[in-house]
Amino acid sequence: MPIGLLAGYQPVPAVHDEMVDGTGRLREQWAHIGPVLDGLGRHQLTQRRAEAARLLANDGVDYQRASGEPGTGQRWELDPVPLLLGSAQWAEVERGVIQRAELLNLVLTDIYGPRRLLSSGLLPPELVFGHPGFHREADQIRIPGSQQLVACAADLGRDASGRWWVLSDRSQTPSGFGYALENRLVVSRVFPSMHRDAQVHRLAPFFRTLRSALRAAAPPAADEPRIVVLTPGPWSETAFEHAFLASYLGYSLVEGADLTVRDGRVWLRSLGQLEPVDVILRRVDSSYCDPLELRSESLLGVPGLVEACRVGSVSVVNTLGSGVLENPGLLPLLPRLCERLLGQPLRLPSVPTWWCGEPDGRRQVLARLDNLVVKSIGREPGAETKLGWELSVAERDELRRRIEARPHCWVGQERLELATVPALTDAGLTPRHAVTRAFLVAGHDSYVAMPGGLASVATTAGGEFIAKRDASVYKDIWVIASEPEDLAGFWLRTGRPVASAEAMSSRAAENMFWLGRYAERAESVGRLLRVVSDRRNDFPDGVNPAGTACLRSLLGALAQLTGTHPGFQPDDSDISGALLDLLTDSSRTGSLAYAVRRMRDAAYPVRDQLSGDTWMVLGALERELLDPAVPARGAALASSTLSRVLTSLLALSGLSGESMVHDQGWRFMNAGRRLERALQICALLRSTVTVAHDTATDSLLLESLLTSAESIITYRRRYRSHAQLDTVLDLLLLDPENPRSVGYQVDRLSEDVAAIARPDGGGRLTEPERLVLETSTALRLTDLPPLAETDPTGARPAAAAFLDRLTGLLERTGDALDDAHFTHLLPQHPMPTPADAGTATHLRPV
């Protein structure tokens, strides 16, 4: 062993360790990387871990959202030190998981096809029909090709001797593909030279195979199939992966409400039209996919989807009902099924399992109840895993009664001592128990395994990690190539190029629109908060009458723009607290933090539409304003926080203009930005210049307005004099060259509205186009000098009326865009069926 970091690594006695052998020597695959880690040392590795966490935060990677809101869940914890497997080791695992996938595919095909395994007694009917993953509604539904199981995964563990065991199978909507790829991207950035020199098998070929498999699953009539990724939505615990995969593969990310079934076909509710859908890569559990035939209370599915699958007009991947293979009661049956269906022994054994539906299995489990892991065969809520050795006598007696009452619902599994892997902790490299997940996808009449996968590592030493994997960090798995890998290009293809038709769902368009609006709203509030803060610093003691009056007017404008009613109190301490709340209180409607939170909520469902760098900026905003771990900021930190937030918002604006294709999604986002900026300028002017003050106060106030509107430098350069209301209004309302004027926003909004796809109107203007034209005309025809005139009370009624008219037209334009392009579905209500009156376990024959 080298002297240094690795010298302190103490493997668990008599337990297989992935890095060192029984004599303490580095294993072959660690011969190069071990010394590199040793040379870096604990301090440097800790810095690399912090860098990995920063990259993940910038990408917005999370899992297990706890609060029911997008972006508020548990951060994805990555240990940057990879788990290494040699080529020979991986070949053993690869052959085993490929054989297992082939076997499970045959079982699935038979269960929803001829059912010979059931009629011959090789599969007990109660094991299949009693499993919640079985859906009789999917009987005889097939997708093209022999592989009905397109994608799957297997959870693997090594025991103390180093032997591989399969712990469970994943066939419903196997998660982790995207997280494995994200892990690889991050680790390769954290250890660039180490990754390059190690000759690690790449993951890109696996995803090429996934794309090919999805195309092959399309109905025969689809020459260029449209493929979508069906997600439960941004509140799903794996929502990041759904959006990441959709973006990486180039498919549309859709929710159930985005799809509809018409005339036996599935259609995407695109802007102004319906687009046919041929393949659905579903990330929604089968039972929630169709409220008409499956779970009636589901709001996540597509009514009529099962019937569309029956007639073969759409292919759902994985097929509906494939979750029946996740039944742990199948594990003890797989060896004889493999011999029967494949004519060969099972290469990778399952962890020893006994199904209580068989008398011998039930006797084994009940006799060893205090030393087994006991599971329900289903994964429905309440089907928790029981660790027999942790149960009291009374709890074991209760579990025994439950097993005896419904034996076919339970299995018992051997307690497995897992091998260890080197995990990076604050103390250095420490052995920790780990489980790996291998991923497979159909290809070449068999299956292709991802070279590596995802490792889940216990956060503490010891414990029952195999049964309680609720606290873990994750590792990238490197399969070390024995020779340089063929780097054939992904995109280079011969033949005629085919461009897929662009389509955007109404829901995605609406989120893009509001993403732009909330981004602009946050920026406007932030700029005004900064101006107010500067004026308070300029006139802190209230001695200067003009300064005090200007500040009072600005506070009134801030109250109007943010909805802070009844406004601000004259006491300085109250004002300080209210201003701080407007900066950091995300629960307060109208605050800067609230606008950022709503902007983030709009961004998560359309992650596939945004550039990758967008999440770097959103991550910075979340850390500044939304991270619950950050303590409440005092007034001393408010100024620096506000500056950083505005910097991030400006970066987001630049990214949207320079890093996004100006397609329909961008048009909706930009339209939202332009509309909101125009409204904010009108509101700011309406609350400040419609009442005259003395000359000194008006001078300070107009300077503050120009500063808030980012136009002060332009004004000084152009007019070289003291501020005058009519020239300020000209710059902020009419100037077509000023990116901060209302006129400029209306011109850009007109371009976006005209470019957005819409049904053929026969040459007539749509309602949004008409309203934008009316707004533009009102601006162009206005006469500025009368707007600056005051009545005997000091009010400027002409200015107030004109600004009110502009605001009304802009608000109506927003409503017209909503009516024309955004689909608001009526609330769905469950339709009880006679079966709903029965028990949840009622079985009906196939």
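The values are calculated or read from the model by the stated rules, or taken from the named source; none is laboratory data. Since the model is a prediction, treat every value here as computed from it, not as a measurement. Cβ placement follows ideal geometry from the backbone for every residue including glycine, while neighbour counts extend to all protein chains displayed. SASA here: full protein model, heavy atoms, side chains in, ligands and nucleic acids out. Shrake-Rupley method; radii C 1.70, N 1.55, O 1.52, S 1.80 Å.
Here are the numbers for this structure:
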| item | result |
| --- | --- |
| Selected residue (criterion: nearest to the chain's Cα centre (by Cα)) from residues of the range 42-54 that are open to solvent by 20 Å² or more (accessible area, probe 1.4 Å) and touching a residue at least 12 places away in the same chain (Cβ under 8 Å) | A53 |
| Check on P234, open to solvent by less than 10 Å² (accessible area, probe 1.4 Å) and either acidic (D, E) or more than 30 Å from V479 (Cβ to Cβ) (or both) | yes |
| Failed item in (1) open to solvent by less than 80 Å² (accessible area, probe 1.4 Å); (2) free of Cβ contacts under 8 Å to residues at least 40 places away in the same chain, with Q413 passing the rest | (2) |
| Neighbours by Cβ (under 7 Å, 6+ apart or cross-chain): first from the range 774-797, on the phi > 0 side of the Ramachandran plot; second buried (at least 16 other Cβ atoms within 10 Å of the Cβ) and at pLDDT below 95 | G794/V691; G794/A692 |
| Residue within the range 179-186 that is open to solvent by 30 Å² or more (accessible area, probe 1.4 Å) and under 30 Å from E18 (Cβ atoms) present | yes |
| Boolean, L700 is more than 26 Å from T775 (Cβ to Cβ), touching a helix residue (DSSP H, G or I) at 6+ places or on another chain (Cβ under 9 Å) and exposed (fewer than 15 other Cβ atoms within 10 Å of the Cβ) | no |
| Residue match in the range 31-40 (condition: in a helix (DSSP H, G or I), open to solvent by 40 Å² or more (accessible area, probe 1.4 Å) and either at pLDDT below 90 or among the acidic types (D, E) (or both)) | no |
| Count - residues of the range 529-548 that are among the polar types (S, T, N, Q), free of Cβ contacts under 8 Å to residues at least 40 places away in the same chain and out of contact with any Gly (no Cβ under 9 Å at 6 or more places or on another chain) | 2 |
| Scan of the range 353-382 for residues that are open to solvent by less than 50 Å² (accessible area, probe 1.4 Å) and either out of contact with any Pro (no Cβ under 8 Å at 6 or more places or on another chain) or among the small types (G, A, S) (or both), ordered by number | G357, G361, V365, L366, L369, L372, V373, V374, S376, G378 |
| Pair list, Cβ under 7 Å, 6 or more apart: the range 129-148 residue outside any loop (DSSP other than H, G, I, E, B), other residue of a type in the set (S, T, Y) | A138/Y112; A138/T319 |
| Tally of residues being in a helix (DSSP H, G or I) and not polar (S, T, N, Q) across the range 80-120 | 23 |
| Single residue of the range 149-204 satisfying the filter (acidic (D, E) and part of a helix (DSSP H, G or I)) that is farthest from the chain's Cα centre (by Cα) | D197 |
| Positions within the range 416-432 being open to solvent by less than 20 Å² (accessible area, probe 1.4 Å), assigned to a strand (DSSP E or B) and either under 10 Å from D17 (Cα atoms) or touching a helix residue (DSSP H, G or I) at 6+ places or on another chain (Cβ under 7 Å) (or both), in sequence order | L418, T420, V421, P422, L424, G428, L429, P431 |
| Residues of the range 122-143 that turn out to be loosely packed, with under 14 Cβ neighbours inside 10 Å and touching a helix residue (DSSP H, G or I) at 6+ places or on another chain (Cβ under 7 Å), as a count | 0 |
| Residue under evaluation S193, criteria (1) out of contact with any Phe, Trp or Tyr (no Cβ under 9 Å at 6 or more places or on another chain); (2) surrounded by 22 or more Cβ atoms within 10 Å (Cβ to Cβ); (3) among the small types (G, A, S), criterion not met | (2) |
| Looking only at the range 722-739, and only at residues there that are surrounded by fewer than 18 Cβ atoms within 10 Å (Cβ to Cβ) and in contact with an Asp or Glu (Cβ under 9 Å, 6 or more places away or on another chain), the one that is nearest to R667 (Cα to Cα) | P739 |
| Conditions (1) open to solvent by 80 Å² or more (accessible area, probe 1.4 Å); (2) modelled with pLDDT of 60 or more; (3) assigned to a loop (DSSP other than H, G, I, E, B); (4) not hydroxyl-bearing (S, T, Y); number of the one not met by R530 | (3) |
| When residues of the range 621-648 are limited to those that are crowded, with 17+ Cβ neighbours inside 10 Å and within 21 Å of the chain's Cα centre (by Cα), the one modelled with the highest pLDDT | S648 |
| Set Y744, Y719, Y715: member being among the hydroxyl-bearing types (S, T, Y), modelled with pLDDT under 95 and surrounded by 15 or more Cβ atoms within 10 Å (Cβ to Cβ) | Y715 |
| Conditions (1) more than 27 Å from T209 (Cα to Cα); (2) touching a Gly at 6+ places or on another chain (Cβ under 8 Å): number failed by Y112 | (1) |
| Residue in the range 588-596 that is open to solvent by 20 Å² or more (accessible area, probe 1.4 Å), closer than 30 Å to A246 by Cα and modelled with pLDDT of 90 or more present | yes |
| Odd one out for L253 among (1) surrounded by fewer than 22 Cβ atoms within 10 Å (Cβ to Cβ); (2) touching a residue at least 40 places away in the same chain (Cβ under 8 Å); (3) out of contact with any Gly (no Cβ under 9 Å at 6 or more places or on another chain) | (1) |
| Checking P234 against (1) assigned to a strand (DSSP E or B); (2) within 28 Å of L56 (Cα to Cα); (3) of a type outside the set (D, E), the condition it does not meet | (1) |
| Long-range neighbours under 6 Å by Cβ, at least six apart or interchain, first residue free of Cβ contacts under 8 Å to residues at least 40 places away in the same chain within the range 644-670, second of a type in the set (G, A, S) | S648/A620 |
| Every residue from the range 383-409 that is open to solvent by 10 Å² or more (accessible area, probe 1.4 Å) and touching a Lys or Arg at 6+ places or on another chain (Cβ under 7 Å) | T385, P407 |
| Matching residues in the range 783-805 - criterion: being of a type outside the set (G, A, S) and within 47 Å of the chain's Cα centre (by Cα) | F802, L803, D804, R805 |
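The rows are residues; the columns are (1) surrounded by 20 or more Cβ atoms within 10 Å (Cβ to Cβ); (2) touching a residue at least 40 places away in the same chain (Cβ under 8 Å); (3) more than 26 Å from T319 (Cα to Cα); (4) in contact with a helix residue (DSSP H, G or I) (Cβ under 9 Å, 6 or more places away or on another chain).
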residue: L78; (1), (2), (3), (4): yes, yes, yes, yes
residue: W90; (1), (2), (3), (4): yes, yes, yes, no
residue: V97; (1), (2), (3), (4): yes, yes, no, no
residue: V107; (1), (2), (3), (4): yes, yes, no, yes
residue: S120; (1), (2), (3), (4): no, no, no, yes
